[in-house]
Amino acid sequence: MQNQDSRNTILFFVCAAVIMGFYMFFVMEPQAQRRRAAQAEAAAAQVEKAGDHPTAASAAPPEQAFTTDRAQALGRAARVPIESPTLKGSLSLLGGRVDDLFLVRYRETLAKDSPPVELFRPQGMEHAYFAQFGWTGANVPGGVPGPNTLWRLTGGSTLTPSTPVTLTWDNANGLRFTRVIALDDQYLFTVTDTVANLGTQPITIAPYGRVERQGVPPGLGRDMILHEGAIGTFSRGDGFVTEQHKYKDWAKKPTIDHETTGGWLGITDKYWLAALIPDQSEKVEAGFRVRTRGDTQVQEASMLGASRIINPGRQITETQRLFAGAKRSQVLKSYEDSLNLPRFIYAIDWGMLWFLTRPIFMVVEFFFGLLGNFGLAILALTVVVKLIMFPLANKAYESMSKMRKLQPKMEELKKKYEGDQQKQQVELMALYQKEKINPLAGCLPILVQIPVFYALYKVLFVTIEMRHAPFFGWIQDLSARDPSNIWNLFGLIPWDPGSAPLIGGLLVGMLGLGVLPIFYGLTMWLQQAMNPPAPDPVQRQIFQMMPIVFTFIMAPFAAGLLVYWAWNNILSIIQQYFIMHRFGAENPIDDFIARIRKKAA
């Protein structure tokens, strides 16, 4: 008996340690990192200068102070408006940069007046972020277009999915560069450069493209469960490998080079991506670089095509592409198929358990197509998971029902051999064998569901489809925590607990219980009440505290997770109730119904 109690205690603490480790690793530590990052990034204006491509022979503009006025930054050069169903902004004729871009289908917050999400930011502002294409070549008379080249708009007036624009630059020494920029109805820019040699001497040049971010904005790259930073897929032998470098790791290895035929590379945030896409049949030199300019670290993903010779009277054409937008699964998959783009869907950080996260996401998305609500889709997913695990759960609940029914006999054995622990253990194991009971079977469904729980957490956390996805009532974002709070009586008192000085963050962050966490705790308590009580009094007290402890642990998690877990508990309670009925075991639901009937009589 003592050995059995010890095994149960060890098993409990192992399970508790796993859950607590999950909470500390994925909730508390990211929150602490975000707080430290916000403090570290709260600096005054910095000075930096515009960058040039590592292989481009062009000078950088002079140092300048950052401006917070976007209009002022945009007004430094003539611009071409960008308008599409998904994007709005402009491109600069200085360098031909795509550097002013907003995602019109996504808002910063749930507020009705919230502005659209900013993707690119022009040079001159803090944390400038842009994409640029150009040419490089040594000793080319008149030079090649670079970051400071002022292009002329010679075709079109506004870049839309139906109206490309044409830019032209002549180097006054026999080279004419013509750039046609097209945009589809999603997030793909196609840049087609034609270079004509009108001179008398052959010239050698090579095309390049780059995405540059001048300093990491506060809050990015701080979540341990999420990849943000450099990302790319490169050819390796007969296949392709996706490579990731988080911002902090990238800074420690500032130069990372690859030779690849096909693939893509860029800079990724949680939901957004800027990626360079070369011709998939062309061999390019691709790389990630970090360099310091003043007090700013500049991150860069770049690619350099093969050099080519243009003889007098001849011309060449080079096509490069830029993805700049939201990492929506269907959109990425469509580009993966249409452009024969390897592993583009893995721009989404599916994680180590991608073999679970991707199928779970596809199931949720399938049910969303049927039901029109991601919350209902999560409920349907839970039913699917329960059906898959039904045989295992059935055996576990049968074992627990038998143990609950045998509880009086177990107590008799304990009293009969109170002074002989070894005899207690022998008799108890004999009873288990006689009744065909596995005392550890009850933990198996929980252990099996931990990977599913993690995979769903990952799906809710990284997929943009879940961002701002409403359920019903007060739950308007399944990827965020339950916004209701016990400290203002769930919204009945017009007071924001987070605004309280000193203790506001503690009230909301650690002690803030919403309706969903409380409901989850109640379902956990009821499910636990249906299980056979632990034989050891200390264990019994610990298990009685678990619903309270886990209510607080789960409170900061995404509302979608609590919807899944609470609904899973309800389905488990229903399944366990019928099994206990079948075996004639006592259960708290029947006891409650009996008391109600007795009072009514």
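The table that follows gives values for the structure above.
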item	result
Criterion: under 30 Å from Phe461 (Cα atoms) and touching a Lys or Arg at 6+ places or on another chain (Cβ under 8 Å) - qualifying residue of Gln297, Gln244	Gln297
The stretch 328-353 residues that are at negative phi and among the charged types (D, E, K, R), paired with ones that are open to solvent by 20 Å² or more (accessible area, probe 1.4 Å) and not in a loop (DSSP other than H, G, I, E, B) (beta carbon under 9 Å, 6 or more apart)	Asp349/Gln244; Asp349/Phe461
Selected residue [of a type in the set (Val, Ile, Thr), outside any helix (DSSP H, G or I), out of contact with any Pro (no Cβ under 8 Å at 6 or more places or on another chain) and surrounded by 14 or more Cβ atoms within 10 Å (Cβ to Cβ)] from Ile378, Ile360, Ile345, Ile316	Ile316
In the stretch 133-152, the residues that are touching a residue at least 12 places away in the same chain (Cβ under 8 Å) and over 39 Å from the mean Cα position of the chain (by Cα)	Gly137, Ala138, Val140, Pro141, Gly142, Gly143, Val144, Arg152
Count of residues meeting criterion [surrounded by fewer than 21 Cβ atoms within 10 Å (Cβ to Cβ) and part of a strand (DSSP E or B)] in the stretch 226-244	9
Qualifying residue in the stretch 94-101 (condition: touching a residue at least 40 places away in the same chain (Cβ under 8 Å), over 18 Å from Thr68 (Cα atoms) and of a type in the set (Val, Ile, Thr))	yes
Any hit, the stretch 385-402, residues being open to solvent by 20 Å² or more (accessible area, probe 1.4 Å), within 30 Å of Phe234 (Cβ to Cβ) and outside any helix (DSSP H, G or I)	no
Residue satisfying all of: in the stretch 319-335; in contact with a helix residue (DSSP H, G or I) (Cβ under 6 Å, 6 or more places away or on another chain) and open to solvent by 30 Å² or more (accessible area, probe 1.4 Å); farthest from Gly229 (Cα to Cα) among these	Lys333
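Per-residue answers, yes or no, for (1) in a loop (DSSP other than H, G, I, E, B); (2) among the aliphatic types (A, V, I, L, M):
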{"residue": "Ala73", "(1), (2)": "no, yes"}
{"residue": "Arg76", "(1), (2)": "yes, no"}
{"residue": "Pro81", "(1), (2)": "no, no"}
{"residue": "Leu91", "(1), (2)": "no, yes"}
{"residue": "Val104", "(1), (2)": "no, yes"}
{"residue": "Thr109", "(1), (2)": "yes, no"}
{"residue": "Lys112", "(1), (2)": "yes, no"}
{"residue": "Glu118", "(1), (2)": "no, no"}
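The values are calculated or read from the model by the stated rules, or taken from the named source; none is laboratory data. Since the model is a prediction, treat every value here as computed from it, not as a measurement. Every residue, glycine as well, gets a Cβ built from its backbone with ideal geometry; the counts of neighbours run over all protein chains shown. Side chains are part of the model used for accessible areas, which takes the heavy atoms of the whole protein and leaves out ligands, DNA and RNA. Shrake-Rupley method; radii C 1.70, N 1.55, O 1.52, S 1.80 Å.
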